[in-house]
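Each remark here refers to the structure printed beneath this line.
Derivation of every value follows stated rules applied to the coordinates shown; laboratory data play no part. What you are looking at is a predicted structure, and each value in this text was computed from that prediction instead of being measured. Cβ coordinates were reconstructed from backbone atoms using ideal geometry, including for glycine residues, and neighbour counts include every protein chain displayed.
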Amino acid sequence: MSTSTPTPTGEMPAVAAAGDSSPSSVKVAPIIAVLVVSAFVMILNETLLSVALPTLMADLSITAVTAQWLSTGFMLTMAVVIPTTGFLMKRLSARQVFLVAMGLFLAGTVVAMVAPTFPVLLGARVVQAAGTAMVLPLLMTTILALVALRSRGLVMGLVGVVISAAPALGPSISGFILEHGTWHHLFALMLPIIVVALIIGLLFMRNYAEPERVRLDVLSVILSAIGFGGAIYALASISQIVSGTDRLMPLLAAGIGLVSLTLFTLRQVRMLSRGQEPLLDLRPLKVRTYTVSLLVILMGFATMLGTVVALPLYMTGSLGMGTLEIGLTMLPGAAASGLLGPVVGSLYDRFGPRPIVVPGAALMALVCWLEVLLLDEHATQGLIIALNIPLGIGMAMVMTPLLTLSLGALPRSLYGHGSAILNTLQQLAGALGTAVFIALLTLGAAVAAEAGAPAEIAQASGASWAFVFGGVVTTAAIVLACTLKQNPVEVEPAA
């Protein structure tokens with residue numbers, strides 16, 4: 001892939017793609033900046049309601065199971081829409097994709113801000129999720145298309161901030177706002193940021209590749225929606241399966257989802273063999289560097305998101321902390337992850353992935369095992385912060401290099417599809433991590449309570465069960481990370 005050196009004004013000649021009639025001068029810095037800010041707000045929005053669920057339950061008169069659909073519905077929509085982004089980014093221009101995504105998120109945010117009932121709020125979250133699903137693949141593809149290889153790690157570090165720090169910041173910001181306002185203010189906070197980002201995007205967003213006339217395979221869209229939707233629903237219902245309260249629907253969804261995903265995969269392979277354009281090109285999975293990097297990313301993300309959900313439950317049930325105190329406790333770890341992202345990106349540009357990713361995964365594993373040993377009903381706020389900061393640092397050391405490495409190992413023609421696969425599976429990993437952490441926390445607490453333990457001790461015991469899962473997953477990630485090539489600068493073939 002050819003790249004160009006940025007000029008002092010921040011301009012870089014766009015890379016000519018197949019079908020480009022004439023490459024134009026594109027201002028790279030404003031485009032990437034507005035995409036980073038937009039993606040940050042959208043991913044932050046995904047976990048913003050985690051601390052607010054009790055408030056929403058009381059205000060809207062809904063049960064915990066119903067309230068959980070505000071998160072489950074968001075992930076379901078993401079999992080359904082993301083597989084289509086490979087097609088959208090070929091069929092539409094970058095500017096069109098940006099405007100559609102921002103328009104959807106803005107509309108959903110306005111409706112959520114004034115939502116009078118739960119169904120309206122859930123519908124608004126679904127619209128928000130549809131916009132979110134389009135922005136992150138657009139950001140990654142834009143960086144790969146316009147940023148020189150020698151600077152790509154540093155710039156991709158900003159994406160690492162979005163993916164690792166934004167979800168962790170959600171509970172912190174939510175705690176601050178709920179201490180002084182209502183859940184409506186959570187959405188009001190995002191509104192001006194998105195409006196400004198949209199205006200800047202209208203001014204600076206330009207197309208760097210010509211759209212292609214590809215056909216949308218409707219059957220693939222249906223199979224994808226049923227398959228990924230069923231998988232997310234089943235994963236989000238693991239607690240119900242474990243407890244035995246309602247096993248039929250989740251197991252049925254899992255079975256239908258598995259069959260649909262199998263048919264979807266077979267159809268994509270068959271379409272490609274016939275020379276047709278698949279909805280989701282699966283050839284990136286044949287590239288070893290991409291696949292190994294993807295697996296380590298998924299392990300780290302599942303652990304991080306599961307911890308973000310489990311820690312507030314532990315701090316509330318076992319330590320009796322309030323929302324503001326929980327927010328303050330979670331903030332340093334998220335800040336550490338965000339601040340370190342660009343630094344890690346620069347180190348990646350110099351030393352390659354393995355010297356950064358392996359210690360990062362090891363740091364995450366160490367923290368998870370220390371959480372098992374140290375977090376009981378007597379743990380202090382300072383101890384939790386002291387553990388959460390290195391967890392955030394480890395996450396930045398894993399995410400930033402591997403985002404760059406995984407997609408950079410692909411040919412330019414597969415950037416969009418590689419990004420779509422990564423983001424789709426990331427939603428599945430997030431749902432898996434969240435569901436398993438909560439299921440183990442609930443099960444462990446129930447076992448301890450049946451043995452006669454007080455509520456705070458039982459909750460701490462359940463949290464230990466959850467953190468064991470995180471320790472096992474991140475330990476496996478260390479092993480996989482050790483198999484990465486040291487400096488894979490050449491693009492691997494995706495035959």
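With the simple spin-label model, which puts each label point 7 Å out from Cα in the Cβ direction, the V100 to S151 separation comes to 3.0 nm. Which label belongs to the value computed from this structure, given these candidates for volume of the Cα convex hull per residue in Å³: [x] 147; [y] 134; [z] 160? It is the one labelled [y].
Here the sum of -39500 (n - 2.57) over DSSP H runs of 4 or more residues, divided by the residues of the chain, equals -25500 deg cm²/dmol at 222 nm, to the nearest 500. One chain, two ends: L203 and V120. Fully extended at 0.36 nm per residue, the span grows by 26.6 nm beyond their Cα-Cα distance.
Per-peptide packing, taken as the mean over residues of other Cβ atoms within 10 Å, places 454-464, 193-203 in the sequence 454-464, 193-203 from highest down. Counting only Cβ charges, +1 for Lys and Arg and -1 for Asp and Glu, the dipole size of segment 256-380 around its Cα centre is about 940 debye. Entry note, the chain: relative contact order of 22 percent, from Cα contacts under 8 Å with a spacing of 6+ residues.
Among residues other than I173 with Cβ under 15 Å from its Cβ, the summed charge is -3 (Lys and Arg +1, Asp and Glu -1).
Placing unit charges on each Cβ (+1 for Lys and Arg, -1 for Asp and Glu) gives segment 166-323 a dipole about its Cα centre, and among L261, G181, L198 the Cα reaching farthest toward its positive end belongs to L261.
Using Cβ point charges alone (K and R +1, D and E -1), the dipole size of the chain about the Cα centre works out to roughly 1620 debye. With both labels modelled 7 Å from their Cα along Cα-to-Cβ, the H378 to E212 distance reads 6.4 nm.
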